[in-house]
1. Provide the packing ranking of 168-178, 199-209, i.e. peptides ordered by the mean count of other C-beta atoms within 10 Å per residue, highest first.
2. Roughly speaking, what is the centre-to-centre gap between segment 1-42 and segment 69-109 when only Cα atoms are used, to the nearest Å?
3. Could you give the length gained by full extension between Ala21 and Asn78, i.e. 0.36 nm per residue of separation minus their alpha carbon distance, to one decimal place?
4. Pull out the extension gain between His180 and His88, defined as 0.36 nm times the separation in residues minus the alpha carbon to alpha carbon distance; nm, one decimal.
5. Return the distance in nm (one decimal) between the two label points of a simple spin-label model at Lys152 and Lys189, each offset 7 Å from Cα along Cα→Cβ.
6. Could you give the dipole magnitude of segment 173-234 about its Cα centre, charging the beta-carbon of Lys and Arg +1 and that of Asp and Glu -1, in debye to the nearest 20?
7. Could you tell me whether the chain comes out rounded, prolate or oblate from its Cα gyration tensor? Rule is a ≥ b ≥ c as square roots of the eigenvalues, rounded for a/c under 1.5, then prolate if a/b exceeds b/c, otherwise oblate.
8. Rounding to the nearest 20 debye, state how big the charge dipole of the chain is about its Cα centre with +1 on each Lys and Arg Cβ and -1 on each Asp and Glu Cβ.
Amino acid sequence: MPVAPRARAIEDKLVAALMRASGRSFADEGAARTFVNEELAFSEGRTYGGATTCLEIEGADSSFFILDMGSGLRELGNDAFRRMAGGHPRVFNFFMSHLHWDHIMGFPFFGPAFDPNSTIVIHSGHADCEAALRRQQEEISFPVAFDWLRAKIEFKVLTPGEQYHIDGIDVELMPQDHSHVSYAWKFRKGGHSFVFSTDAEHRMEDVEDKKAFEAFFDKADLVVCDTMYSLAESITLKAGWGHSSNVMAVNLCHGAGARRLVLFHHEPTSTDADIDRLFEETVRYEALNRKDRPPLEIICSYDSLEVKV
Ligand SMILES: [Zn+2]
Ligand SMILES: [Zn+2]
């Protein structure tokens, strides 16, 4: 579910900030901003947000590269209109992890899908991707039918293990343990690699899974990983729910020699302070388990986070 902070959560942040400032005054907006960014915890001064999965990769030759169609896609569509007005080609390459509601719900609100000058190519490991997108816009669920969309829309089913070259970027996918299967995607260009691996359950005792994912994450510059649960949750109450823990994500990235890990797909019931804690615990766990490996940088995702690969 997409989530947004309630009034009381914002009030709590303001109270915490004013208490921390304890009567200090700031010469200008810049000084106040420095205080917020450097002296407050992330959860005190900001929010992780709560849109569902939607990421963008900038770096294709002449198209947008978009990963999943969660609720974040609505804003991405508006931003794309601004960029297209500035000359960006009206071509959208989508790459789908899977077809669960939280990963497709943004598509009916994606403005460029209504633009007859847009071309949309939806890459998926699922042969039923088109059926899933059409179904969520059937009259019983939504007022605007899929066929009413004016963009040129094409579906491409890709095969795990194959190498694809799409608009200047090397692309491959790999199946993951999740209800109705999900796919991890790897994107490579100019010696840099980025892995998007969400909605995947990794079990500690599964040696084959560990080997396969360490190979897929191999020396990646950046890995976005499903870290919805703590290790304790993931092996008890929430075992079999299709998601992983921060601990498993660090273990796989350590084994793969990856450089940076982004904690992703936060539990919607977590508060900003809960996510702060998950982040701090992950940083500590990484340092304790690093041994003689080079450090794995941990980044905690929030809505609008940008990372250069
Ligand atoms: Zn899912
Ligand atoms: Zn999900």
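The numbers here are math on the coordinates, done by the rules we state, and not lab data. Remember, predicted model here, so these are calculated numbers, not experimental data. Cβ coordinates were reconstructed from backbone atoms using ideal geometry, including for glycine residues, and neighbour counts include every protein chain displayed.
1. Values: 168-178: 18.5, 199-209: 16.5.
Per-residue Cβ counts within 10 Å, averaged per peptide and sorted highest first, yield 168-178, 199-209.
2. Centre-to-centre (Cα) distance: 31 Å.
3. Values: separation 57, 0.36 × 57 = 20.52 nm, distance 3.65 nm.
Fully extending the segment from Ala21 to Asn78 adds 16.9 nm.
4. Values: separation 92, 0.36 × 92 = 33.12 nm, distance 3.53 nm.
Extra length available between His180 and His88 comes to 29.6 nm.
5. 2.1
6. Computed charge dipole of segment 173-234: roughly 440 debye.
7. Working: a/c = 1.60, a/b = 1.18, b/c = 1.36.
It comes out oblate by the Cα gyration axes.
8. Values: 32 positive and 48 negative charges, 99 e Å.
Dipole about the Cα centre, nearest 20: 480 debye.
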